Amino acid sequence: MSDAATMAVHAPSIHHTQPWRWRVSGAELDLYLDRSRAFDVTDPDSRLAILSCGAALHHALVSLAADGWHTVLARMPDPQHPDHLARLRLDRRVPVSLEARRHRQTIGLRHTDRRPTGSTPIDADELTAVVGVVKSAGAGLHILPPDQVLELACAADQAQRAENEDLTWQTEVNYWPGGTRPPGHGIPDAAIPDRATRTTVPGSDFGHHGDLPVSAAHESAATFAILYGPEDGAADWLRAGEALSAVWLTATELGMSVLPLSATIEVAVTRNRLRHLLAGLGHPHLVLRLTTGEPARTAAARTPRRLADQDRSLRMHRISPGHP
Ligand SMILES: Cc1cc2nc3c(=O)[nH]c(=O)nc-3n(C[C@H](O)[C@H](O)[C@H](O)COP(=O)(O)O)c2cc1C
């Protein structure tokens, strides 16, 4: 069980906050939201933090499946403790599928690439495949047609301006990207573009340029999509996070890059604009930029993780070290 929690540290998270805490106890693994690592101003409902926890949960499930375990999953198992997001229980041994093995390998390869994109649009069959993966994970992925991409670009610009004008937002967010935190926390400068990228939909404004070399290419071949769900509560954000992990692993295997863009979700008025774009399909949880990888492209810098022995929460709560 502790191996699954260790594997889950590779999950993507908002500004690499890794806002989760695991409790390993015998054949059970409990996932909690770590509010001390969530944003009070940017993410007051913790929707993006819970979404990140959902991605970690899916990583843990993949790891257990690749070890040949069928697990029983209870989401939000304790209504009295809403920060207790999930409980996983080992059920029985099952044959390991090729997909589980492949996904576990991909966990170590998946990463966020913020560079301008390749010039080849994504193949229609591959897009259909990733939409199917999201659906199987209990969420939806709406691919934006060109006119809606322009609407998204306006909304992203509006969100970015609203956030830049808010000093409390800036103070909170400036801590995580770049700068000098302990290794394994926040986004390193090596993963932040060294100049403004040429985009239709503005990427995240980290308040400074980093060290990641980027070209002057325009991301005109990118596909933009909205990850959505039927409702807008914690259980839906958790599911959306599981779907994010599932789609990102598959996209990586298909040679695509995925870049989450959360500014329009963080600001209520722009989140509402996205809801209109969904035209009744559901509630928006995250915007994704999907692009083809260039075969000749060098890999983008990786974002280091908290070391296992840095993860106090994992150590403190590991109750039965003898168990899987
Ligand atoms: C819910 C969520 C929202 C995110 N929003 C953004 C974003 O707006 N801009 C961005 O550049 N990266 C965003 N990311 C990517 C994270 O910064 C990234 O996952 C984290 O830094 C760890 O790096 P890795 O994905 O390369 O492992 C987001 C990730 C998640 C899970």
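The values are calculated or read from the model by the stated rules, or taken from the named source; none is laboratory data. These figures come from a predicted structure and were not determined experimentally. Don't worry about glycine lacking a Cβ; one is built from the backbone with ideal geometry, like all the others, and counts go over all protein chains shown. Each accessible area value is taken on the protein alone, full model and side chains, heavy atoms only, with ligands, DNA and RNA left out. Shrake-Rupley method; radii C 1.70, N 1.55, O 1.52, S 1.80 Å.
Computed quantities for the displayed model
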read-out: Enumeration of residues in the stretch 193-206 that are part of a loop (DSSP other than H, G, I, E, B) and closer than 26 Å to Leu150 by Cβ; value: Arg195, Ala196, Thr197, Thr199, Thr200, Val201, Pro202, Gly203, Ser204, Asp205, Phe206
read-out: Condition broken by Leu109, with the remaining ones in (1) within 24 Å of Ala66 (Cα to Cα); (2) surrounded by 13 or more Cβ atoms within 10 Å (Cβ to Cβ) satisfied; value: (2)
read-out: Any chance Ala243 is in contact (Cβ under 8 Å) with a residue 24 or more places away in the chain, of a type in the set (Gly, Ala, Ser) and open to solvent by less than 20 Å² (accessible area, probe 1.4 Å); value: yes
read-out: The lone exception for Trp169 - which of (1) under 22 Å from the mean Cα position of the chain (by Cα); (2) within 14 Å of the ligand (Cβ to nearest atom); (3) open to solvent by 60 Å² or more (accessible area, probe 1.4 Å) it fails; value: (3)
read-out: Subset of the stretch 204-232 (residues that are of a type in the set (Gly, Ala, Ser), surrounded by 19 or more Cβ atoms within 10 Å (Cβ to Cβ) and closer than 20 Å to Gln158 by Cα); value: Ser204, Ala225
read-out: Every pair of residues 6+ apart whose Cβ atoms lie under 8 Å, when the first sits in the stretch 50-74 and is within 11 Å of the ligand (Cβ to nearest atom) while the second is basic (Lys, Arg) and assigned to a helix (DSSP H, G or I); value: Gly54/Arg239
read-out: The stretch 1-18, residues that are open to solvent by less than 20 Å² (accessible area, probe 1.4 Å) and more than 10 Å from the ligand (Cβ to nearest atom); value: Met1, Ala4, Ala5, Ala8
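Here's the yes/no breakdown for (1) without any contact (Cβ under 8 Å) to a residue 24 or more places away in the chain; (2) among the hydroxyl-bearing types (Ser, Thr, Tyr); (3) within 14 Å of the ligand (Cβ to nearest atom):
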position: Ala251; (1), (2), (3): no, no, yes
position: Pro260; (1), (2), (3): no, no, yes
position: Ala263; (1), (2), (3): no, no, yes
position: Val267; (1), (2), (3): no, no, yes
position: Leu274; (1), (2), (3): no, no, yes
position: Leu277; (1), (2), (3): no, no, no
position: Gly280; (1), (2), (3): yes, no, no
position: Arg289; (1), (2), (3): no, no, yes
